[in-house]
Amino acid sequence: LFGAATGTYGIGVDEAVQASDKWTDSQEVADVYFNRSGHLYGQGFWGTGPTELQKITGKELALSLFKKALSGTKAVVHSRSTHVYGVLDNDDFFQYLGGMTLAIKTLDGTEPDVIISNLTDPTIARQESLGKFIGREMHTRYLNPTWITEMLDEGYAGARMVGQITENMWGWQATTDQAIRPDDWQAWHDVYVADKYGLDIQKRFAESDNTYAYQGMLARMLEVTRKGYWTPDADTRDRLI
């Protein structure tokens, strides 16, 4: 088995992804995944990583075994059995599932299929593509004017949550091709920047004393364009600036 080092929490892919000014190639993000997740458990090892193993064996056995285990993977599967947390409202989902997808792509040159075992209703359990699963969540929650209104009614915390969704969209964008499309960023712009539903979005963020969350959302969208994942028209780009 492979995982993070014993006594640590998380694998750091979330932080690496968000520090997008520090890397130019997603290979660098994949390297974080390999280094933080490639610790051996079992057969006398307990969270042993490359550095410790090199002293024992003279080579980076843990990392080479981990990469060998991942290479050739055709599908990555994750199960969801609750609506309490969505795909986009925290960073754990993309840093583990997206991180593994990116790692396999780095090794093999192509992405594996990313499949969600949708167990939220046990009477109709089914397998769905990541794109379908995220698309449903995007349109029923985050692009839904009722959800937006209720969230911004929560004030500072609600505005902060909207900003976090934007960051997690970027996390999926940076780790897999199957989650977020250019059209999703355009839709996000149309709803939250162009204010297509007339919700006074910018004013609502200001009234929540969290203009920073709005500013951060715009900055992340501009970064997505700088990285080349989304190429909006001139009017859209000027409005973001």
Subset tally (residues that are open to solvent by less than 20 Å² (accessible area, probe 1.4 Å), more than 15 Å from Asp195 (Cβ to Cβ) and not in a helix (DSSP H, G or I)) for segment 135-163
1
Within segment 223-239, how many residues turn out to be of a type in the set (A, V, I, L, M) and loosely packed, with under 15 Cβ neighbours inside 10 Å?
1
Only one residue in Leu65, Leu70, Leu107 is open to solvent by less than 20 Å² (accessible area, probe 1.4 Å) and of a type in the set (A, V, I, L, M). Which one?
Leu70
Note on segment 5-25: residues within 21 Å of Leu70 (Cβ to Cβ) and out of contact with any Gly (no Cβ under 7 Å at 6 or more places or on another chain) are Thr8, Gly10, Gly12, Ala16, Trp23, Asp25
In segment 175-186, what residues are in a helix (DSSP H, G or I), open to solvent by less than 30 Å² (accessible area, probe 1.4 Å) and under 16 Å from Leu143 (Cα atoms)?
Asp184, Trp185
Check every one of the helices (runs of 4 or more DSSP H) wholly within segment 197-241 and list those with 3 or more residues that are within 23 Å of the chain's Cα centre (by Cα).
211-226
Show the residue pairs meeting these rules: Cβ distance below 6 Å; 6+ apart or different chains; first residue within segment 214-236 and within 23 Å of Met161 (Cβ to Cβ); second residue of a type outside the set (Ser, Thr, Tyr) and outside any helix (DSSP H, G or I).
Val224/Trp230
Ala219: over 30 Å from Leu97 (Cα atoms) and open to solvent by less than 60 Å² (accessible area, probe 1.4 Å), yes or no?
no
Contact list, first residue from segment 135-146 and closer than 15 Å to Val84 by Cα, second anywhere and surrounded by fewer than 17 Cβ atoms within 10 Å (Cβ to Cβ), beta-carbon distance below 7 Å, six or more apart or interchain, is Arg141/Trp147
Just name the residue that is surrounded by the fewest Cβ atoms within 10 Å (Cβ to Cβ) out of those in segment 203-216 that are hydrophobic (A, V, I, L, M, F, W, C) and in contact with a helix residue (DSSP H, G or I) (Cβ under 6 Å, 6 or more places away or on another chain).
Ala213
Wholly within segment 9-65, helices (runs of 4 or more DSSP H) carrying at least 1 residues that are over 29 Å from Lys227 (Cα atoms) and modelled with pLDDT of 90 or more:
none
Exactly one of Gly44, Gly10, Gly86 is on the phi > 0 side of the Ramachandran plot, of a type outside the set (Phe, Trp, Tyr) and open to solvent by less than 20 Å² (accessible area, probe 1.4 Å), and that residue is Gly10
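The values are calculated or read from the model by the stated rules, or taken from the named source; none is laboratory data. Please read these numbers as outputs of a predicted model, since none were measured by experiment. Quick reminder, even Gly has a Cβ in these numbers, built from the backbone with ideal geometry, and neighbours come from all protein chains shown. The accessibility values were calculated without ligands, DNA or RNA, using every heavy atom of the protein model including side chains. Shrake-Rupley method; radii C 1.70, N 1.55, O 1.52, S 1.80 Å.
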